[in-house]
Every structure is written in structure tokens, then in C-alpha cells.
Amino acid sequence: MKIEDIRNSGLLELYVVGALPPEEIAQVEKTIDNHPSLKEDLFLIEQSFEAYAQLNSIEVDPTQKPMLTASVNYADRIANGETPTFPPAITKDSKIEDYNHWLQQPHLQEPTEYEGMAGHIIGATEERKTLIVWLTEGAPPETHTTEIEKFLIVEGTCDITIGKNVHALKPGDVLEIPLFISHHVVVTSSKRCKIILERSAA
């Protein structure tokens, strides 16, 4: 393949994004070996794609990764033979000791390393998911439209702002987040805040 043919064909761009079949990859790599100047073309294409990606990047919700990690961990635990359990629903009368069975389990303790937020699912159905969650600083603003979120504070303290109202919470306190109103969490204790978190279908 001639050098100008490969430059004008779009093959270099497809090569950079990994969208070529193996036989065409081999063909492109052979042409690059025969024409070292194409390495500069590849470098410029990579730079262009990176600049485009940065220009169009979106900020990822920092709670998504720990929630996904907790879901994967829970699925692995169940696949490895853990019997599903069903913690009681959080109500205004809920107490920390209602969840001692899960809080005392060795495999449901706080991870040794994490960034900002970590959690373990302790029960999940189609209607309701319950987790033990640790927050070191807080959680960013979010608004729920399809699920009710409830908090039971286990350790530490935090402020949960719902709309313009700030709720200062300590161990044993319960708070329900209404639908369609933005809320965020700020940890106010010197140590991380440990929470029983419930999300249920609205």
C-alpha cells in the first residue's frame, strides 16, 4: 500500500481507535514499518483524538464508581454461595441495633483503602437495596426521581441539605429524602461517617 493511499484512506484513524480487523492491522503496521514518517501521522492523530475527548468530556458523578463496585462485589458474593439476606426497611423508628447482624459481619467491614466513598450491599431486591456506606467528606448534589433514599447514621456526623434545609445528623438519626428535590451530604465529624443507606422504588 502506498503511503499517500494509507494517509487518505482513514485507516490510520481506525488503527488508532482499534477498529480494524486483524488482517488490516497487520497491513497498516507493515506499511508503517516501511514508511517511518507515518509514525508522526499516528502521533498527530492520537493527539487530535485526545484533545477532542477532553473537549467533550463530562464530569462523572463520584458516587457512581463506589456504587458500581458495591454491586459487583455483591453479585460475586452471591455467586460464591452467600445466602441473600433481607435487612428491615428503614423507618422513623429504626435503630442502629436493627442492623447489627450486618454491621458485625467480618466481610462487610470498612475497606482499608478507598477514595471518598465506599459501601457494601447487605440486601437487594427489585424494590429495595440496602447498603452500609462510608463517607470521608460527603456526597455531591443529586436529585432522585424514581427512588426514595433513606439514611440511618451509624457513626460520625453529617449535614444533609435538602433544598435549602440543613439537617444535622448524629448516630441513630434517620432521614428520608423526598423526590424531585436536590440534596447533598457534608461530613462534619473528624472521622468518616458510617451510614445504613436504603434506596427503594418510588
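The values are calculated or read from the model by the stated rules, or taken from the named source; none is laboratory data. Please read all numbers here as calculations on a predicted model, not as lab measurements. Note: ideal-geometry Cβ built from the backbone for every residue, glycine included; neighbour counts use all protein chains shown.
Could you please let me know if Glu149 is acidic (Asp, Glu), part of a strand (DSSP E or B) and touching a residue at least 12 places away in the same chain (Cβ under 8 Å)?
Working: acidic (Asp, Glu): yes; part of a strand (DSSP E or B): yes; touching a residue at least 12 places away in the same chain (Cβ under 8 Å): yes.
Yes: the conditions hold for Glu149.
Looking at Pro62, Pro111, Pro106, just one residue is surrounded by 12 or more Cβ atoms within 10 Å (Cβ to Cβ) and over 24 Å from Phe180 (Cα atoms), and that residue is Pro111. When you look at Glu142, is it assigned by TED's automatic domain parsing to the domain that holds Thr188 and within 16 Å of the chain's Cα centre (by Cα), yes or no? Yes; evaluated as a whole, the condition is true for this residue. Test of understanding: among Thr130, Thr125, Thr85, Thr69, which residue is among the β-branched types (Val, Ile, Thr) and under 15 Å from the mean Cα position of the chain (by Cα)? Residue meeting the stated conditions: Thr69.
Looking at the stretch 123-136, which of the residues that are touching a residue at least 60 places away in the same chain (Cβ under 8 Å) and surrounded by 15 or more Cβ atoms within 10 Å (Cβ to Cβ) is farthest from Thr188 (Cα to Cα)? That would be Arg128. Any residue at all in the stretch 161-170 that's of a type outside the set (Val, Ile, Thr), part of a loop (DSSP other than H, G, I, E, B) and closer than 21 Å to Trp102 by Cβ? Yes, there is a match, as at least one residue in the stretch 161-170 is of a type outside the set (Val, Ile, Thr), part of a loop (DSSP other than H, G, I, E, B) and closer than 21 Å to Trp102 by Cβ.
Every test in (1) closer than 29 Å to Gly172 by Cβ; (2) exposed (fewer than 12 other Cβ atoms within 10 Å of the Cβ); (3) within 26 Å of the chain's Cα centre (by Cα); (4) without any contact (Cβ under 8 Å) to a residue 24 or more places away in the chain is passed by Glu97 save one, and that test is (3).
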